[in-house]
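> Below is the structure I would like to discuss, written out as structure tokens.
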Amino acid sequence: MLPKHRISTHPGEILLEEFLKPLEISQSELARHIGVKPGVINEICNERRAVSPRMALLLAKAFRVSPEFWSGLQADYDLTRAMQDNECKQAARMVKAVV
């Protein structure tokens, strides 16, 4: 269930706090391991880049979780951000009024 009054946690925060820090892996080490530029991992961890389907596959393989885990985190984040957007709130009210 998605939170109604806050934005879901960005997958980059999950990557940093639940995977990299506990496993004592640097962003550069992860980038090298999965074959991407270190700036890509840094942008994800700093919530300036989304987890793409390709990145979800790479992260899934690196951490032995499903790609759906990463893409699901991104989808939840994107949906809750959209729900906070006034334009989306207005559209949701219009839909409820019609239904």
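The values are calculated or read from the model by the stated rules, or taken from the named source; none is laboratory data. Predicted, not measured: the structure shown is a model, and the values here were computed from it. SASA here: full protein model, heavy atoms, side chains in, ligands and nucleic acids out. Shrake-Rupley method; radii C 1.70, N 1.55, O 1.52, S 1.80 Å.
> Per residue, how many Å² of accessible area does the chain show with a 1.4 Å probe? Write down the numbers at each step before the final one.
Numbers: 6840 Å² over 99 residues.
Here the per-residue accessible area is 69 Å².
> With a ≥ b ≥ c the root eigenvalues of the C-alpha gyration tensor of segment 14-61, is it rounded (a/c under 1.5), prolate (a/b larger than b/c) or oblate?
Working: a/c = 1.31, a/b = 1.19, b/c = 1.10.
Rounded is the answer for segment 14-61, as its axis ratio a/c remains below 1.5.
> With all protein chains present, how much of the accessible area of the chain (probe radius 1.4 Å) comes from carbon and sulfur, to the nearest whole percent? Walk me through the intermediate numbers first.
Values: 3710 of 6840 Å².
Answer for the chain: carbon and sulfur cover 54 percent of the accessible area.
> Then there is this: Would you indicate which of (1) 2, 13, 21, 23, 14, 9, 8, 5, 3, 2, 0; (2) 3, 12, 23, 24, 15, 7, 5, 5, 4, 2, 0; (3) 2, 10, 10, 12, 13, 14, 13, 10, 7, 5, 3, 2, 1 is the value of P(r) over Cα pairs in 5 Å bins from 0, in percent derived from the coordinates of this structure?
(1)
> Number of Lys-Lys pairs in the chain under 20 Å by Cα, sequence gap 8 or more or different chains? Kindly include the intermediate steps, with their values, before the conclusion.
On the way: LYS4/LYS89; LYS4/LYS96; LYS21/LYS37; LYS21/LYS61; LYS37/LYS61.
Close lysine pairs found across the chain: 5.
> Residue separation times 0.36 nm, minus the C-alpha to C-alpha distance between ALA62 and GLU17: what's the value?
Details: separation 45, 0.36 × 45 = 16.20 nm, distance 1.58 nm.
Length gained, ALA62 through GLU17: 14.6 nm.
> Just PRO22, PRO67, PRO53 to compare: in a GNM of the chain, with alpha carbon springs under 10 Å, which one fluctuates most?
Result for the chain, Cα springs under 10 Å: PRO22 fluctuates most.
> Using a Gaussian network model of the chain whose springs link C-alpha atoms within less than 10 Å, name the residue from LEU23, LEU79, LEU15 with the highest mean-square fluctuation.
LEU23
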